[in-house]
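Participant: I have a structure here, written as structure tokens, and I will follow up with some questions on it.
The values are calculated or read from the model by the stated rules, or taken from the named source; none is laboratory data. Because the structure is a prediction, the values reported are computed rather than measured. Here the Cβ is made from the backbone with ideal geometry for all residues, glycine too, and neighbour counts use every protein chain on show. SASA here: full protein model, heavy atoms, side chains in, ligands and nucleic acids out. Shrake-Rupley method; radii C 1.70, N 1.55, O 1.52, S 1.80 Å.
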Amino acid sequence: MIGFDLTEDQVAAQKWAREFAEKEIRPVAPHYDETEEFPWPVVSKAADIGLYGMDFYRMIGEDETGILQPLLVEELCWGCAGISLAVFGSGLPLVALMASGTPEQVARWTPELFGTPAEPKVGAFAVTEPGAGSDVSSLRTRAVRDGDDWVLNGQKVFITNGGIANLHVVVATVDPDLGHRGQASFVIPPGTPGLRQGKKEKKLGIRASHTAEVLLEDCRVPADCLLGGEERLRAKLEAARNKDKKRTSSGALATFEATRPVVGAQAVGIARAAFEFARDYARERVQFGKPIAAQQAIAFKLADMATEIDAARLLVWRASWMTRNGTGFTRAEGSMSKLKAGEVAVRVTDEAIQVLGGYGYIRDFPVEKWHRDAKIYSLFEGTSEIQRLVISRANGGMA
């Protein structure tokens with residue numbers, strides 16, 4: 001049975017997130033966009049009310065539909081995508097930890113990702129490198145066993161929360177001959193010597209989200225920081241050498257595939273914010289004796305924007321439901337949701353600027369910020385081109 005009605009709990013949670021976005025995020029969004037500071041005060045307020053931390057993810061886990069997380073993410077990104085990424089950025093290393101770690105590792109390290117409401121902390125998931133973006137098989141960061149420890153060396157770039165994170169989850173190559181099947185994930189505990197922040201990036205958009213290099217220089221961690229443990233790694237490497245693909249999936253690729261619907265929900269939030277502002281502006285702006293919303297050229301733009309946003313949201317909800325119910329993405333449904341939502345966000349924010357005309361181009365109005373924020377959603381966690389490649393392959397294409 002298929003239905004689209006939200007439960008009372010989901011409606012209440014959606015309202016809760018919307019109120020937080022209205023009261024705590026939107027008023028300070030211009031400041032953090034201008035200064036590019038990390039919004040610790042907002043993260044702390046989110047932690048105080050349960051929108052940040054393990055209680056939030058427990059609440060998400062109890063939702064049997066899988067829809068609650070994209071609902072809340074959309075609302076907060078309607079407020080500001082950069083600030084919302086500061087709030088939700090620790091979700092990516094959490095997914096990596098849950099996907100690859102043993103129960104003991106999950107229990108030990110999860111609290112280090114979030115800290116406490118009084119003293120919130122953040123986590124980071126470090127995969128991307130200067131020569132390995134979409135092609136994760138080309139990672140050059142190496143992890144070498146040395147006695148009872150692992151020693152990591154390499155350079156990671158474009159890492160959300162990189163360097164300021166209390167806990168880093170780092171993907172490194174342990175057997176270069178095996179490509180992505182020769183990789184493993186490692187937890188880098190707080191204060192570990194040999195890990196430091198490199199250059200902090202100055203970005204077009206999502207400026208409240210901290211993005212930086214992570215440099216690993218003889219970074220030594222105990223053997224129990226290898227996610228999944230030694231026995232599982234040995235079995236994985238042996239299976240890779242025997243070309244058993246079923247047992248050698250990439251932890252990094254699996255993490256990104258699981259989080260793509262959530263990224264899609266973020267993009268939907270930006271698109272909806274821009275659409276609503278453009279719609280309201282068009283109702284009030286009078287040209288040639290009537291509101292421009294009554295002009296067919298503008299009315300049709302708004303109609304297309306609304307339709308595309310709904311289409312993207314439905315793809316996100318479907319993929320989120322599939323993730324929660326364990327059906328698996330047999331046709332790359334996660335990539336479909338991220339591709340559609342990311343490109344819709346770019347188009348809708350561009351059209352919102354067009355509706356506002358010259359006012360859309362100046363910083364007195366927020367649509368230019370939303371356009372800058374939207375662009376990253378066609379790039380990170382797999383570019384639009386990579387999503388199309390994944391979708392093509394999953395649906396019988398020859399790419």
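Participant: Quick one: is Glu343 in a helix (DSSP H, G or I), over 19 Å from the mean Cα position of the chain (by Cα) and under 16 Å from Ala267 (Cα atoms)?
Facilitator: no
Participant: Scan the stretch 151-168 and give yes if some residue there is surrounded by fewer than 20 Cβ atoms within 10 Å (Cβ to Cβ), touching a helix residue (DSSP H, G or I) at 6+ places or on another chain (Cβ under 9 Å) and modelled with pLDDT of 95 or more, otherwise no.
Facilitator: No, every residue in the stretch 151-168 fails to be surrounded by fewer than 20 Cβ atoms within 10 Å (Cβ to Cβ), touching a helix residue (DSSP H, G or I) at 6+ places or on another chain (Cβ under 9 Å) and modelled with pLDDT of 95 or more.
Participant: While we're looking at this one, here's another question. Out of the residues in the stretch 119-131 that are surrounded by fewer than 20 Cβ atoms within 10 Å (Cβ to Cβ) and either in contact (Cβ under 8 Å) with a residue 40 or more places away in the chain or within 22 Å of the chain's Cα centre (by Cα) (or both), which is farthest from Ile188 (Cα to Cα)? Don't jump to the end; show me each part of the working.
Facilitator: Initially, the stretch 119-131 is screened for residues surrounded by fewer than 20 Cβ atoms within 10 Å (Cβ to Cβ), giving 119, 130-131.
Next cut, either in contact (Cβ under 8 Å) with a residue 40 or more places away in the chain or within 22 Å of the chain's Cα centre (by Cα) (or both) only: 130-131.
Details: Pro130: 21, Gly131: 22 Å.
Going through the qualifying residues, I end up with Gly131.
Participant: With the requirement that a residue be out of contact with any Pro (no Cβ under 9 Å at 6 or more places or on another chain) and open to solvent by 10 Å² or more (accessible area, probe 1.4 Å), what does the stretch 55-67 give you?
Facilitator: Residues satisfying the conditions are Asp55, Tyr57, Arg58, Met59, Ile60, Gly61, Glu62, Asp63, Glu64, Thr65, Ile67.
Participant: Let me ask you something else. When you go through Arg18, Arg58, Arg26 one by one, which is the residue that is within 18 Å of Ser320 (Cα to Cα), among the basic types (Lys, Arg) and in a helix (DSSP H, G or I)? Please lay out each step first, then the result.
Facilitator: Numbers: Arg18 fails: within 18 Å of Ser320 (Cα to Cα); Arg26 fails: within 18 Å of Ser320 (Cα to Cα).
Among Arg18, Arg58, Arg26, only Arg58 is within 18 Å of Ser320 (Cα to Cα), among the basic types (Lys, Arg) and in a helix (DSSP H, G or I).
Participant: From (1) within 20 Å of Ile206 (Cβ to Cβ); (2) touching a residue at least 40 places away in the same chain (Cβ under 8 Å); (3) within 14 Å of the chain's Cα centre (by Cα), pick out the condition that doesn't hold for Leu94.
Facilitator: Leu94 satisfies every listed condition except (2).
Participant: If the Cβ limit is 7 Å and pairs must be 6+ apart or interchain, which residue in the stretch 23-51 that is basic (Lys, Arg) pairs with which residue that is assigned to a helix (DSSP H, G or I) and open to solvent by less than 80 Å² (accessible area, probe 1.4 Å)?
Facilitator: That search, which allows pairs on different chains as well, returns Arg26/Gly79; Lys45/Glu24.
Participant: Determine which single condition Gly382 fails, assuming it passes every other condition in (1) part of a helix (DSSP H, G or I); (2) out of contact with any Gly (no Cβ under 7 Å at 6 or more places or on another chain).
Facilitator: (1) is the only condition that Gly382 fails.
Participant: Right, next: Would you point out which residue out of Ala265, Ala274, Ala184 is under 22 Å from the mean Cα position of the chain (by Cα) and under 19 Å from Ser137 (Cβ atoms)?
Facilitator: Numbers: Ala265 fails: under 19 Å from Ser137 (Cβ atoms); Ala274 fails: under 19 Å from Ser137 (Cβ atoms).
From the options Ala265, Ala274, Ala184, the qualifying one is Ala184.
Participant: Condition check: under 22 Å from Pro30 (Cα atoms), open to solvent by 50 Å² or more (accessible area, probe 1.4 Å) and not charged (D, E, K, R). Does Ile353 satisfy that?
Facilitator: no
Participant: Follow-up. Does the stretch 374-393 include one or more residues that are open to solvent by less than 50 Å² (accessible area, probe 1.4 Å), under 22 Å from Leu302 (Cα atoms) and in contact (Cβ under 8 Å) with a residue 40 or more places away in the chain?
Facilitator: yes
Participant: Run down Ala86, Ala107, Ala46 and say which single residue is open to solvent by 60 Å² or more (accessible area, probe 1.4 Å) and under 30 Å from Cys225 (Cβ atoms).
Facilitator: Checking each option against the conditions leaves just Ala107.
Participant: Could you figure out which of (1) in contact with a helix residue (DSSP H, G or I) (Cβ under 8 Å, 6 or more places away or on another chain); (2) under 21 Å from Leu72 (Cα atoms); (3) assigned to a helix (DSSP H, G or I); (4) in contact (Cβ under 8 Å) with a residue 40 or more places away in the chain isn't true of Ala352?
Facilitator: Of (1) in contact with a helix residue (DSSP H, G or I) (Cβ under 8 Å, 6 or more places away or on another chain); (2) under 21 Å from Leu72 (Cα atoms); (3) assigned to a helix (DSSP H, G or I); (4) in contact (Cβ under 8 Å) with a residue 40 or more places away in the chain, only one is false for Ala352: (2).
Participant: For residues that are modelled with pLDDT of 85 or more and of a type in the set (Asp, Glu), scanning just the stretch 237-287, find the one that is surrounded by the most Cβ atoms within 10 Å (Cβ to Cβ).
Facilitator: We begin by selecting, within the stretch 237-287, every residue modelled with pLDDT of 85 or more; these are 237-242, 259-287.
Within this subset, residues satisfying the condition of being of a type in the set (Asp, Glu) are 238, 276, 280, 284.
Numbers: Glu238: 12, Glu276: 15, Asp280: 11, Glu284: 9.
Among residues in the stretch 237-287 that are modelled with pLDDT of 85 or more and of a type in the set (Asp, Glu), the one surrounded by the most Cβ atoms within 10 Å (Cβ to Cβ) is Glu276.
Participant: A further question on this structure: May I ask you to list the residues in the stretch 132-147 that are among the aliphatic types (A, V, I, L, M) and open to solvent by 40 Å² or more (accessible area, probe 1.4 Å)?
Facilitator: Val144
Participant: Out of all the residues in the stretch 363-399, which are among the β-branched types (Val, Ile, Thr) and in contact with a helix residue (DSSP H, G or I) (Cβ under 7 Å, 6 or more places away or on another chain)?
Facilitator: Listed by number, the residues that qualify are Val367, Val390, Ile391.
Participant: Now a separate question. Conditions first: (1) within 16 Å of the chain's Cα centre (by Cα); (2) modelled with pLDDT of 95 or more; (3) open to solvent by 50 Å² or more (accessible area, probe 1.4 Å). Thr323 passes all but one, so which condition is the exception?
Facilitator: (2)
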